[in-house]
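To start, the structure itself, in C-alpha cells.
The values are calculated or read from the model by the stated rules, or taken from the named source; none is laboratory data. As the structure is a computational prediction, the values presented were derived from the model and not from experiment. Note: ideal-geometry Cβ built from the backbone for every residue, glycine included; neighbour counts use all protein chains shown.
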Amino acid sequence: MIPQESKNWVLVEKLSLTQLEEGKIIETFVGQKAVCLLRKSNSVFAFAAICPHQGAKMCEGWIDAKGQVVCALHHYKFAPESGRNTSGEGYKLRTYPVDVRGTEIYLAINS
Ligand code: FES
C-alpha cells in the first residue's frame, strides 16, 4: 500500500476567492511567507513571490496570452501550474498546492 501524501493546509487569511481577479497576480502572506496567488480559468494557483532568476517580485509581472506568468524584470516565463520555465532559461518557479473550500483558499506551503 502506498502511503497517502499528507499536506499541511494553511488558510490564506488575508484573501478570499471573491477578492481574486481573473488573470491578476496578487501577493499575500501565509504566516510569515510571501506567496503569489493567481486566479486563472476558474482555478487558483500559488507560487513563490520572488523570481528564481534574480529575485524580482513576481506580483509585478503579468499573465501573457498563453496563460504564462511573465516576470517583470527580464520577462522569463513560467507555467503557473508547475513552475516550469517555459521560456527555456532553466529556472523553476516554486509552486504550492491550492485547495479552495467555498471562498476560502488553503495552501500546502510545506510540501
Ligand atoms: S528576475 Fe525574473 S526573469 Fe530575471
ask   = Under the condition of being within 10 Å of the ligand (Cβ to nearest atom) and surrounded by fewer than 17 Cβ atoms within 10 Å (Cβ to Cβ), which residue from the range 60-76 is farthest from I25 (Cα to Cα)?
value = H74
request  = State all residues of the range 67-111 that are modelled with pLDDT under 95 and over 25 Å from T18 (Cβ atoms); if no residue qualifies, say none.
outcome  = N110, S111
note = Restricting the range 77-86 to residues that are polar (S, T, N, Q) and surrounded by 14 or more Cβ atoms within 10 Å (Cβ to Cβ), the one farthest from the ligand (Cβ to nearest atom) turns out to be T86
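Hey, could you check the range 39-59 for residues that are within 16 Å of the ligand (Cβ to nearest atom) and within 24 Å of G102 (Cα to Cα) and say which is surrounded by the fewest Cβ atoms within 10 Å (Cβ to Cβ)?
Within the range 39-59, the subset within 16 Å of the ligand (Cβ to nearest atom) is 47-59.
Narrowing the set further to residues that are within 24 Å of G102 (Cα to Cα) leaves 47-48.
Numbers: F47: 25, A48: 18.
Looking at the filtered set, the residue picked out is A48.
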Wholly enclosed strands (runs of 3 or more DSSP E) of the range 1-60 bearing at least 3 residues in contact (Cβ under 8 Å) with a residue 60 or more places away in the chain = 9-11, 33-40
